[in-house]
Amino acid sequence: MQGLLSKLPNSYTPKLLYSQTPKLRTLNPTTMLQQDYIMRLIREFMAALQRFLQKKEGEDKQEALRDLYRQYLGEYELYHITTMDETMQSFEQFPVEQRIHRMEMLAELYYVEADMKSEPTRSELLRRALMLFRFIDQHSKAYSFDRVEKMDQIIKELGSSEKPE
């Protein structure tokens, strides 16, 4: 460093040219609040899902599961009697920045609920979860090892007829 400084002329003074400085991106407080809300919502959902998974069978798990649907997505019945196209359209009720996260919540609920059901309902729930996980995997900005692992597990459970495209 000393050698470099000694080669500079004595009259050298560093100048900061404002036109050459990178422009700082201004942070929109509304966007920050929305992102904070989404992150809190996800953490809250994952904690509620974990508590649900720790419940014993005798503690009316089905009603607790319905409560999770209602609290984070909407009416339980909606997500069980509609086609997948209608289910995807139902996410329009949420703000754009929440949709992928809400889809992931639904995929997680389908995945968990499948373990509580017998055939053919179990396979249908796994197919729905797989479709959502694939959609999220293609459209999300975040890569998730957990999501990929769940998709692989679902494919194994459903058999070779549900291989990825």
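The values are calculated or read from the model by the stated rules, or taken from the named source; none is laboratory data. Predicted, not measured: the structure shown is a model, and the values here were computed from it. Cβ atoms come from the backbone with ideal geometry, glycine included; neighbour counts cover every protein chain shown. Remember, those area values only see protein heavy atoms, side chains included, never the ligands or the DNA or RNA. Shrake-Rupley method; radii C 1.70, N 1.55, O 1.52, S 1.80 Å.
At a glance:
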item: Given (1) out of contact with any Lys or Arg (no Cβ under 9 Å at 6 or more places or on another chain); (2) among the small types (G, A, S); (3) more than 20 Å from L65 (Cα to Cα), number of the condition S118 does not satisfy; result: (3)
item: Among (1) exposed (fewer than 11 other Cβ atoms within 10 Å of the Cβ); (2) more than 17 Å from Y111 (Cβ to Cβ); (3) modelled with pLDDT under 90 - the single one Q50 does not satisfy; result: (2)
item: Pairs with Cβ under 8 Å, 6+ apart, first in the range 86-111 and in contact (Cβ under 8 Å) with a residue 24 or more places away in the chain and in a helix (DSSP H, G or I), second open to solvent by 70 Å² or more (accessible area, probe 1.4 Å) and of a type outside the set (A, V, I, L, M, F, W, C); result: E97/Q34; E97/Q35; I100/H139
item: Residue in the range 116-137 that is modelled with the lowest pLDDT, counting only those that are touching a helix residue (DSSP H, G or I) at 6+ places or on another chain (Cβ under 8 Å) and of a type in the set (D, E, K, R); result: K117
item: Counted residues, the range 112-153 - those being more than 19 Å from Y76 (Cβ to Cβ), assigned to a helix (DSSP H, G or I) and without any contact (Cβ under 8 Å) to a residue 12 or more places away in the chain; result: 7
item: Checklist (1) in contact with a Phe, Trp or Tyr (Cβ under 8 Å, 6 or more places away or on another chain); (2) under 21 Å from M39 (Cα atoms) applied to G74, failing item; result: (1)
item: Filtered residues of the range 86-102 (kept if over 18 Å from D137 (Cβ atoms), open to solvent by 60 Å² or more (accessible area, probe 1.4 Å) and at pLDDT 90 or above); result: E86, Q89, E92, Q93
item: Within the range 57-85, considering residues that are of a type in the set (S, T, Y) and assigned to a loop (DSSP other than H, G, I, E, B), the one most open to solvent (accessible area, probe 1.4 Å); result: T83
